[in-house]
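Asks: Below: one structure in structure tokens.
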Amino acid sequence: MFPHHREREQPIFSARAHVFQIDPTTKRNWIPASKHAVTVSFFYDANRNVYRIISVGGTKAIINCTVTPSMTFTKTSQKFGQWADSRANTVYGLGFATEQQLHQFSDKFKEVKDAARLAREKSQDKELANTALTIAAPQDLSDELQSPPVMCVNGPEDKLFRSQSADITLSSEKERIKKMLSEGSICEMNLEAELFTLQDSNSKLVAALHEANANVEQWKKQLAAYQEETDRLRDQAHGGQGPSDLLKDELTQSLEELEALLKAKDEEIHILQSKKAEYHEMEHERDQAIHRLRETEMRNSDLERRIQNSEQNLNNSLEERDRMDSEIQRAIEILDIKIFDLNDLRQSLVKLIDK
């Protein structure tokens, strides 16, 4: 018989997008990972039951991310979204051509994340079942080879109660601090996305202002040329070389068109000046966002320090618990020896009484 063909990774969804990565130095700016839109695909590995996001630009992979249940895809604008990959220690950003493509990718990301969570739960349940079967067999064998029964004292029960209560308290404190740290990281990511949007709008507005200033200079030159032509024609008319009625009508119409054009351009200049005020307001909002981002970074540093302290306290508590377990075990062994001696003494007394 021929061996079965091994199944490879299969694509389940693809989309076109511009790929960005967060700057590893500043953790604030986006760095383009591709010069143009590339294909971003979800792959499923049936052998390992793993989902991955892969995108290839040219001859190298610009995205190679394994989807985990803890990942979250965040929509930061109408056409932009991002997610963090803790294994690669980076944040990926995708810019789509339409809002519909962003929604489709977000929905697929959530679906794949839920599938990865179910796959992990099934794997954990299988491992727990195998572990239980492995542990059960040696216990049964040890019960058969066990020496005569020994009396039970309250020491092990007290030890179990104290160990479980200490584990629950330390685990709850550690989970609470990790939750606070994750909330701070999400807030920092949202602020970075907001800052990126403001910088994008800022660059677009600056380009529009430069273009408007160039157009105003061009319109001024055209208007000066038209005015010079009008003055020349007026001089010719006063010098006895007046144009015909048809030429006068054309000049009048041209002047009216120029006046209408000038009025429209004045209105456009006023609109651009109002946009300039909005630009200053956006700069103020960007400064506020930077300030909030710095405050969030300080809070994250404080939370990291607190979780390090908690981990240290947890390690100290575990060492103390191990020391207490060893002492209790030694006390139990001493009690077992004393009980055995008392049992021998009792049997000796019984024999002495029988005699």
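Asks: To the nearest µm²/s, what D does Stokes-Einstein give for the stretch 11-129 at 25 °C and 0.890 mPa s, using the Kirkwood radius over alpha carbon pairs as Rh?
Replies: Estimated diffusion coefficient is 164 µm²/s.
Asks: For the stretch 269-278, in order, what is each residue's ³J(HN,Hα) by Karplus, 6.51 cos²θ - 1.76 cosθ + 1.60 with θ = phi - 60°, in whole Hz (x at glycine and Pro)?
Replies: Karplus values, whole Hz, x for Gly and Pro: 5, 4, 5, 5, 5, 5, 5, 5, 5, 5.
Asks: Provide the net charge surrounding residue 343, with neighbours chosen by a C-beta distance below 15 Å and charges set as Lys +1, Arg +1, Asp -1, Glu -1.
Replies: Net charge in that neighbourhood comes out at 0.
Asks: Would you mind estimating how fast the stretch 51-105 diffuses translationally, via Stokes-Einstein at 25 °C and 0.890 mPa s with the Kirkwood radius over Cα pairs, in µm²/s?
Replies: 203
Asks: Quick one: which residues, 5 or more positions from residue 63 or on another chain, have an amide H under 5 Å from its amide H? H modelled 1.01 Å from N in the peptide plane, none for Pro or chain starts.
Replies: 55
Asks: Given the peptides 259-268, 111-120, arrange them by the average over their residues of other C-beta atoms within 10 Å, most packed first. Mind dumping the intermediate values first?
Replies: Working: 259-268: 12.3, 111-120: 15.7.
Highest-to-lowest ranking by the protection proxy: 111-120, 259-268.
Asks: Please work out how much length the chain gains when fully extended from residue 246 to residue 232, using 0.36 nm per residue of separation minus the C-alpha to C-alpha distance, in nm with one decimal.
Replies: So the extension gain works out to 3.3 nm.
Asks: Considering amide H positions built from the backbone, and no H for Pro or chain starts, which residues 5 or more places from residue 21, or on another chain, come under 5 Å of its amide H?
Replies: 31, 33, 93
Asks: What are the ³J(HN,Hα) values, in whole Hz, obtained from phi via the Karplus relation 6.51 cos²θ - 1.76 cosθ + 1.60 with θ = phi - 60°, for each residue of the stretch 22-27 in sequence order, with x given for Gly and Pro?
Replies: Calculated HN-Hα couplings, in order: 5, 5, x, 7, 8, 6 Hz.
Asks: Something else now. Starting from the Cα-Cα distance between residue 340 and residue 260, subtract it from 0.36 nm times their residue separation and give me the gain in nm to one decimal.
Replies: 17.2 nm
Asks: Also, I was wondering about something else. Taking 0.36 nm per intervening residue step and subtracting the Cα-Cα distance, what contour gain separates residue 88 from residue 224 on full extension?
Replies: 42.8 nm
Asks: Over the Cα atoms of the stretch 254-343, Rg to Rh with Kirkwood Rh, two decimal places?
Replies: 1.82
Asks: To continue, here is another question. Taking only pairs that are 8 or more places apart or on different chains, how many Lys pairs in the stretch 11-129 have Cα atoms under 17 angstrom apart?
Replies: Count of close lysine pairs: 6.
Asks: Using a Förster radius of 35 Å, what is the FRET efficiency between residue 298 and residue 318 based on their Cβ-Cβ separation? Nearest 0.05, please.
Replies: It comes out at approximately 0.70.
Asks: Report the FRET efficiency, 1/(1 + (r/R0)^6), for residue 72 and residue 326, where r is their Cβ-Cβ distance and R0 is 56 Å, rounded to 0.05. Walk me through the numbers before you get to the answer.
Replies: Numbers: r = 44 Å, r/R0 = 0.79.
With R0 = 56 Å, the Cβ-Cβ based efficiency is 0.80.
Asks: So what J values fall out for the stretch 82-98 if you push phi through Karplus, 6.51 cos²θ - 1.76 cosθ + 1.60 with θ = phi - 60°, rounded to Hz, Gly and Pro as x?
Replies: My calculation for the stretch 82-98 gives 8, 8, 9, 10, 5, 5, 8, 6, 8, 10, 9, x, 10, x, 9, 6, 9 Hz in order.
Computed from the coordinates by the stated procedures, all read-outs in this text should not be read as laboratory data. As the structure is a computational prediction, the values presented were derived from the model and not from experiment. Note: ideal-geometry Cβ built from the backbone for every residue, glycine included; neighbour counts use all protein chains shown.
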